[in-house]
2 protein chains.
Amino acid sequence: MGTSKDSSQELYDGLVAHKLIIPVGVQGAFGRGAVFEDVLARFDALVSRVIAPDGAERMLFPPILDRQVFEKSGFLDSFPQLAGSVFSFEGDERAHAQLRSRIREGQRWDDLQKMTKVVLSPAACYPVYPSFAGDVLPKEGRLVEMFNWVFRHEPSPDPTRMQAFRVHEVVRVGTPETVIGWRDMWLQRGVEMLRSLGLPARPEVASDPFFGRGGRMLADNQRAQELKFEVVIPVVSEEKPTAVCSFNYHQDHFGESFGIHTSEGNVAHSACLGFGMERVVMALFKTHGFEPEKWPQETRRRLWP
Amino acid sequence: MGTSKDSSQELYDGLVAHKLIIPVGVQGAFGRGAVFEDVLARFDALVSRVIAPDGAERMLFPPILDRQVFEKSGFLDSFPQLAGSVFSFEGDERAHAQLRSRIREGQRWDDLQKMTKVVLSPAACYPVYPSFAGDVLPKEGRLVEMFNWVFRHEPSPDPTRMQAFRVHEVVRVGTPETVIGWRDMWLQRGVEMLRSLGLPARPEVASDPFFGRGGRMLADNQRAQELKFEVVIPVVSEEKPTAVCSFNYHQDHFGESFGIHTSEGNVAHSACLGFGMERVVMALFKTHGFEPEKWPQETRRRLWP
């Protein structure tokens, strides 16, 4: 992704050496150590405190998502390469004997697996829209806060690019005015929150990694319409800073797909804002060093209030 | 599973009516509401407080697991039907066009997915053993505490039988004596902890749902050797109470598979104990009612100390 290989390796090695992450055999699936998790929980609590006055409903969804919802979401139109679907064994004892001998002999066993009714959640906000399906929203719209695991099939040696990670996400559904006003509020709040931790955060108009040749056009269009913003921080590279907070305005995409209407009877608009929890934690370690007890006093005061 | 259909439906309906869980289109993948999550976090903190004096290392692993570790674990020998493997799209633009048109037309798209290097974690403790691979343990062995999502492919209308759920797990690795002593300590502590919340918990020698005709024999053997204990509570049925805490003694299975040795040079033994977090929460709602503010004072004092 254009990030300097040396710097991401250096960060990875530092995180491992300080037992902040625990290496595993595949890329982007490492474990998290006690101190890493403590910092993550502290930042999570900070996000909750900042959001509290907004009065969001809290929900949590498992790492798996209804495949029908996923098919409806349009994710596979744009990012087929990043999705993960769940397959299981549904055979009899004869097939099981075959499965066992294949594994014993180090042979492929993919053809003994069948697609199930679930996929891995590719975005924290996807499960929430069908829970509003057919709803007429209250006048002020809906605001939901979530804390979900997300999967992206993009194995990488860069520790900030994980196959599984957590997102503290907020979703706003309502009229276009409500959603746009909420975006403008967050554009400021998100950057301020991260800067209050001493992180060199800055906002950027952004685009998604759309698949294929047509993807370039979709990305340009997304930028031109300012549908996506990110808050970025240099973590593994100065030139290609890492997105630690991402804002997406979906216009009426999910309102249309799941039949959600405003109190005036129009198709609802939606937007979501998510903090990539592990990335924020890594940005803190990169910026302030691997030992939280030596972090700047102001940063510590915000996280351990 | 022999549980009365009416009672599991009643529990499901009650949980939904009180916004404790959020229905989704597939079984066993529902969302969790704010109050459900608050109770879960409180019980999680209680487990951590009780465990604290033991001085366990804390780790957290993502919901995905290295497929090679999974193949080595032996899970597919015993429970092929419960496993979930992750498949992804790795095609070109032509294949993508096909994928899109298949989904638009409601056709199958499983053959456009390829097996990846990860599977869903079928047990909370699996990622920890390879992290000790090749280790010679310290004299006192190792003790690790985790909080991981687990996947089981067993869609069911019974809310206590989920496809994805969280486990607060403790793993003990060391000599047989160390591990057996630890088991005996937990046999008492686990039951006491749950009873202190006013839950009608009792210990039981148990066996796993081994696949196929040979499974019966494996299960009988497991019982005869007392390798598995559960703490059960009537949640959806009096006759078939629900396991909310499960203890497995693996003998030298993982020590052998991952080359873990004791300080005396013998293959290490291991055991794990896990609390099924959602099941404990449901047992609390079933036993004390759907409104935590009306729970017995002693239960509340333990959870909101």
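Compute the Cα gyration tensor for the stretch A:174-254, then decide on rounded, prolate or oblate, letting a ≥ b ≥ c be the square roots of its eigenvalues: rounded whenever a/c is under 1.5, prolate when a/b is larger than b/c in the other cases, and oblate in all that remain. All intermediate terms of the calculation are to be shown ahead of the outcome.
On the way: a/c = 2.98, a/b = 1.15, b/c = 2.58.
In terms of gyration-tensor shape, oblate.
Which value at 222 nm does chain A reach when only helices count, each DSSP H run of 4 or more adding -39,500 (n - 2.57), with the total divided by all residues and rounded to the nearest 500 deg cm²/dmol? Let's see the in-between values first.
On the way: 11 runs with 113 residues, N = 305.
Result for chain A: -11000 deg cm²/dmol, rounded to the nearest 500.
Could you tell me what a quarter of the Cα convex hull surface of the protein assembly as shown works out to, in nm² with one decimal place? If you can, show how the numbers build up before the last one.
Details: hull surface 109.6 nm².
Its Cα hull, projected and averaged over all orientations, spans 27.4 nm².
Leaving ligands, DNA and RNA out of it, report the carbon-plus-sulfur percent of the accessible area of the stretch A:117-258 at a 1.4 Å probe. Walk me through the numbers before you get to the answer.
Details: 2850 of 5530 Å².
With neighbouring chains kept in place, the figure for the stretch A:117-258 is 52 percent.
Nm distances between the label at B:Val205 and the same-position labels in the remaining copies, 7 Å along Cα→Cβ, shortest first?
Its label point is 7.1 nm from the equivalent points in the other copies.
Largest first, how would A:Met115, A:Met185 line up by accessible area (1.4 Å probe)? Each step should come with its number before you reach the end.
Working: A:Met115 30, A:Met185 70 Å².
Heavy-atom accessible area, descending, gives A:Met185, A:Met115.
Label points 7 Å out from Cα along the Cβ direction at B:Glu57 and B:Gln188: separation in nm?
2.9
Excluding the sites themselves, what is the longest stretch of chain A that contains no trypsin sites (Lys or Arg not before Pro) in a DSSP loop with at most 16 other C-beta atoms within 10 Å? Could you put the intermediate results ahead of the total?
Details: sites that count: A:Lys19, A:Arg108, A:Lys139, A:Arg213.
Result, exposed sites excluded: A:214-305.
Calculate, for the protein assembly as shown, the solvent-accessible area per residue in square angstrom, rolling a 1.4 angstrom probe over the heavy atoms of the protein chains. Intermediate values should be presented prior to the final figure.
Numbers: 25440 Å² over 610 residues.
Accessible area per residue: 42 Å².
Just list whichever of A:Lys72/B:Lys19; A:Lys19/A:Lys72; A:Lys286/B:Lys114; A:Lys117/A:Lys139 have alpha carbons separated by over 31 Å in the model shown. Spell out each step's value before the answer.
Values: A:Lys72/B:Lys19 25 Å; A:Lys19/A:Lys72 41 Å; A:Lys286/B:Lys114 36 Å; A:Lys117/A:Lys139 35 Å.
Exceeds cut-off: A:Lys19/A:Lys72; A:Lys286/B:Lys114; A:Lys117/A:Lys139.
Taking N as the number of residues in the stretch A:91-219, what is its Cα Rg relative to 2.2 N^0.38 Å?
Values: Rg = 21.5 Å, N = 129, 2.2 N^0.38 = 13.9 Å.
Dividing the Cα radius of gyration by 2.2 N^0.38 Å gives 1.54.
Charges only on Cβ, +1 for Lys and Arg, -1 for Asp and Glu: so what's the dipole of the stretch B:19-81 about the Cα centre, in debye to the nearest 20? Provide the component values of the computation, followed by the final result.
Numbers: 7 positive and 8 negative charges, 45 e Å.
Dipole magnitude for the stretch B:19-81 comes out near 220 debye.
Report the charge-dipole magnitude of the stretch A:175-305 in Debye, nearest 20, computed about the Cα centre from +1 at each Lys and Arg Cβ and -1 at each Asp and Glu Cβ.
Details: 15 positive and 17 negative charges, 97 e Å.
In total the dipole reaches around 460 debye.
Go ahead and collect, in residue order, the members of the stretch A:245-276 whose backbone nitrogen is under 18 Å from a label point 7 Å along the Cα-Cβ direction of A:Glu204.
Zone members listed by number: A:245-249, A:274-276.
Classify the stretch A:189-305 from the C-alpha gyration tensor, please: rounded if a/c falls under 1.5, else prolate or oblate depending on whether a/b exceeds b/c.
Here the stretch A:189-305 falls in the oblate category.
Treating the point 7 Å from Cα along Cα-beta-carbon as the label, what are the nm separations from A:Gln297 to the other copies, to one decimal?
Distances to the matching label points in the other copies: 4.5 nm.
Ratio of the stretch B:156-221's C-alpha Rg to 2.2 N^0.38 Å, to two decimals? Before the final figure, lay out each step's value.
Values: Rg = 15.5 Å, N = 66, 2.2 N^0.38 = 10.8 Å.
That works out to 1.44 for the stretch B:156-221.
How far is A:Arg94 from the same spot in each other copy, in nm, shortest first, if each label point sits 7 Å from Cα toward Cβ?
So the label point of A:Arg94 gives 3.6 nm to the other copies.
Would you work out which of A:Val119, A:Ser207, B:Val235 lies farthest towards the positive end of the dipole of the protein assembly as shown, given +1 charges on the beta-carbon of Lys and Arg and -1 on that of Asp and Glu, about the Cα centre?
B:Val235
With no solvent and one equal point scatterer placed on each C-alpha of the stretch B:1-122, evaluate the Debye formula and give log10 I(q)/I(0) for q = 0.15 Å⁻¹, two decimals.
-1.14
Relative contact order for chain B: what percent, with Cα pairs under 8 Å and sequence separation of 6 or more? Don't skip to the answer; put the middle values down first.
On the way: 536 pairs, mean separation 65.1, N = 305.
Across chain B, relative contact order equals 21 percent.
Once R0 is set to 56 Å, what does the formula 1/(1 + (r/R0)^6) return for the Cβ-Cβ distance between B:Arg49 and B:Arg104, expressed as a FRET efficiency to the nearest 0.05?
Working: r = 53 Å, r/R0 = 0.94.
Computed FRET efficiency for B:Arg49 and B:Arg104: 0.60.
Under 37 °C and 0.692 mPa s, how fast does chain B diffuse according to Stokes-Einstein, given a Kirkwood radius computed over C-alpha pairs? Answer in µm²/s, whole number. Could the numbers behind the result be given before it?
Working: Rh = 20.9 Å.
After rounding, the answer is 157 µm²/s.
Just how much of A:Thr175 is accessible, in Å², when a 1.4 Å probe is used and the result is rounded to the nearest 10?
20
Can you compute the label reach from B:Asp135? Point 7 Å from Cα along the Cβ direction, backbone N cut-off under 16 Å, restricted to the stretch A:19-60.
A:19-25, A:31-35, by backbone N distance to the label point.
Distance between Cα centroids, the stretch B:131-171 to the stretch A:213-287: provide it in whole Å.
Between the Cα centre of the stretch B:131-171 and that of the stretch A:213-287, the gap is 33 Å.
Quick one: order B:Leu112, B:Leu65 from most to least accessible surface, probe 1.4 Å.
Result, largest first: B:Leu112, B:Leu65.
Summed for both chains, how many Å² of accessible area, to the nearest 100, are buried between A and B with a 1.4 Å probe?
Working: alone 15240 and 15230 Å², together 25440 Å².
The summed interface area works out to 5000 Å².
Anything losing 30 Å² or more of accessible area from the isolated chain to the full protein assembly: pick those residues out of the stretch A:73-100, probe 1.4 Å, ligands and DNA/RNA ignored.
The answer is A:Leu76, A:Asp77, A:Pro80, A:Ser85, A:Val86, A:Phe87, A:Ser88, A:Phe89, A:Glu93, A:His96, A:Arg100.
If pairing requires two Cys Cβ atoms under 4.7 Å apart, which cysteines of chain B are left without a partner?
B:Cys245
The values are calculated or read from the model by the stated rules, or taken from the named source; none is laboratory data. Everything quoted here is computed from the prediction, not taken from an experiment. All Cβ positions, even for glycine, are placed from backbone atoms using ideal geometry, and neighbour counts span all protein chains on display. All accessible areas refer to the heavy atoms of the entire protein, side chains included, with ligands and DNA or RNA removed. Shrake-Rupley method; radii C 1.70, N 1.55, O 1.52, S 1.80 Å.
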